[in-house]
1. Report, ordered by the first and then the second residue, all pairs with beta carbons closer than 6 Å, sequence separation of six or more or different chains, a first member in the range 87-114 that is surrounded by fewer than 14 Cβ atoms within 10 Å (Cβ to Cβ), and a second member that is in a loop (DSSP other than H, G, I, E, B) and of a type in the set (S, T, Y).
2. Within the range 115-139, take every residue that is among the aliphatic types (A, V, I, L, M) and surrounded by 10 or more Cβ atoms within 10 Å (Cβ to Cβ) and give me the one that is modelled with the highest pLDDT.
3. May I ask you to list the residues in the range 1-54 that are under 26 Å from L94 (Cβ atoms) and aromatic (F, W, Y)?
4. Going by the conditions given, is T77 of a type in the set (S, T, Y), surrounded by fewer than 14 Cβ atoms within 10 Å (Cβ to Cβ) and in contact with a strand residue (DSSP E or B) (Cβ under 8 Å, 6 or more places away or on another chain)?
5. What's the total number of residues in the range 55-73 that are more than 13 Å from Y30 (Cα to Cα) and touching a residue at least 40 places away in the same chain (Cβ under 8 Å)?
Amino acid sequence: MNANASYFRQTINAYESDDGFYSIDKSENYTWNSRLNTQFTVTKNSTLQVSGNYSAPTIMAQGRMEEMYFADIAWRTDFWDRKATFSLRLSDVLNSRKFSSETWGLGFNTVSERKRDSRVIWIGLSYRWNNYQRQHDRMRNGDDMDMEEF
């Protein structure tokens, strides 16, 4: 399991244009984000991976970004004596990945929400023509007899 989280303070300093046409008020916010990635061995040749991400609301110079969260899940299995791999991944399992914000200034206030098609199924099939990974592991462990010494 791999997880991390950040908690931090955001500060937007005040600004006013020389002609006084527009200004930005000073604003501060405490916010955080986190990420989790974990992998389970289901069988000798199969793994399941689950990952999630959360970003709390944040401030911008003229507005605010709302929270965003999503989770992905993936399955991987090796077969044909580990020469082939089948993988299946579903991104944005909860179909929750969206970008919401509010922007304001002198004479305007905009609320927006963008939602892309983030729930996607990815299918992969790979075949290893040679056994490069096993050869690499043998060389790293000093078991390769053909390796020349300096």
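The values are calculated or read from the model by the stated rules, or taken from the named source; none is laboratory data. None of these values were measured; they are calculated from a predicted model. Glycine also receives a Cβ, built like all others from the backbone with ideal geometry; neighbour counts cover every protein chain displayed.
1. That search, which allows pairs on different chains as well, returns L106/Y22.
2. Restricting to residues being among the aliphatic types (A, V, I, L, M) and surrounded by 10 or more Cβ atoms within 10 Å (Cβ to Cβ), the top hit is V120.
3. Hits for the range 1-54 are Y7, F8, Y30, W32, F40, Y54.
4. Spelling it out, it is not the case that T77 is of a type in the set (S, T, Y), surrounded by fewer than 14 Cβ atoms within 10 Å (Cβ to Cβ) and in contact with a strand residue (DSSP E or B) (Cβ under 8 Å, 6 or more places away or on another chain).
5. Total satisfying the criteria: 4.
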